[in-house]
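Inspection log for the structure reproduced underneath, given as structure tokens.
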């Protein structure tokens, strides 16, 4: 089972939910693992403290031009959808940061002048925590604009025999869509603020386009009106289930700021996160443990 933990807005508590859910299920013997797909700023390791055992480079093929064979016909540039090639009267310019590694330029070259070389854009690291929970993360190289290839490589580590938690980055762009695509259910972590509600709506539209069923988790929740009412009214109108509410509590904020976890500090939260998994399994059509 694959559970994506996402939200349109940053800072809603996606990592807190993903980490505590993974810990709760691992301690129940459900074979959970966590993949940190927020590759621009992965931070799940701050709460889980794994010992990294493996590192794999993520390589993207980019074109090279053989000046002896190239006749400057321009077919390669015309075939490129990302403007990564430009033909001048003297030579073909290659803008590696714009290249998506599709290989279309090589296929289109009638002279066979376009080759390829590997370019590192990031890495995948994996390891175990002290209690043997498997953790993997993608790390995008500083200055690289494309996170999706790193996330796609990270998702190769999904284990069909485990409950896989994918901690997504913020927003609803290509990187988050790559992380959510193919998941069995998407936990939408939001907060009872105008920004949280606005970005939740965008994230729900994204999940609908991808065909992934959503389940709402409200973090920093205030039970008393008027703060929480617009968000809950929205969920009722859209027929969305609020599967878990995490209160606006200074003690929880202090725990997170120290890199501690709810399931370690408060035993009752272990049961609540297991209950969240059961709801997610039902939404996804799977079997709850």
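Per-structure values
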item: Over segment 142-199: Kirkwood hydrodynamic radius from C-alpha pairwise inverse distances, Å; result: 13.1
item: Label-point separation in nm, residue 83 to residue 142, each point 7 Å along Cα→Cβ; result: 2.8
item: Exposure proxy ranking, count of Cβ atoms within 10 Å, fewest first, for 109, 256; result: 256, 109
item: Estimated inter-spin distance, residue 130 and residue 49, nm [label 7 Å along Cα→Cβ]; result: 0.5
item: Candidates 14, 155, 271: whichever shows maximal mean-square fluctuation once the chain is modelled as a Gaussian network with Cα springs under 10 Å; result: 271
item: For the chain, built as a Gaussian network whose Cα springs stay under 10 Å, the top-fluctuating residue of 33, 270, 90; result: 90
item: In degrees, nearest ten, helix 14-27 long axis to first principal axis of the chain (Cα); result: 70
item: Using a Förster distance of 45 Å, the FRET efficiency for residue 198-residue 64 (Cβ separation, nearest 0.05); result: 0.50
item: At 1.306 mPa s and 10 °C, Stokes D of segment 59-120 from Kirkwood alpha-carbon radius, µm² per second; result: 140
item: Contact order normalised by residue count of segment 80-176, Cα under 8 Å, 6+ apart, percent; result: 16
item: Relative intensity, log₁₀ I(q)/I(0), of segment 233-288 from a Debye sum that treats every alpha carbon as a point, q = 0.14, 0.18 Å⁻¹; result: -0.53, -0.77
item: Acute angle (nearest 10 degrees) that the helix 229-238 long axis makes with the longest principal axis of the chain, alpha-carbon atoms; result: 70
item: Cα-Cα P(r), segment 159-289, percent of pairs per 10 Å interval; result: 11, 39, 39, 10, 0
item: Taking the chain and dividing mean pair separation by its residue count, relative contact order in percent (alpha carbons under 8 Å, at least six apart); result: 26
item: In Å, descending, principal axis extents of the Cα set of segment 7-77; result: 64, 32, 21
item: Dimensions (Å) - the chain, Cα atoms, principal axes, largest first; result: 71, 42, 35
item: 17 Å tail of the calculated P(r), segment 88-193, as % of Cα pairs; result: 66
item: Nearest-0.05 FRET efficiency for residue 158 and residue 96, computed from C-beta distance (R0 30 Å); result: 0.55
item: GNM flexibility winner over the chain from 86, 37, 51 (Cα, springs under 10 Å); result: 86
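Any read-out appearing in this document is the output of simple, stated calculations on the displayed coordinates, not a laboratory observation. If you're wondering where the values come from, they're calculated on a predicted model, not measured in any experiment. Heads up, the Cβs are rebuilt from the backbone with ideal geometry, glycines too, and the neighbour counts pull from every protein chain shown.
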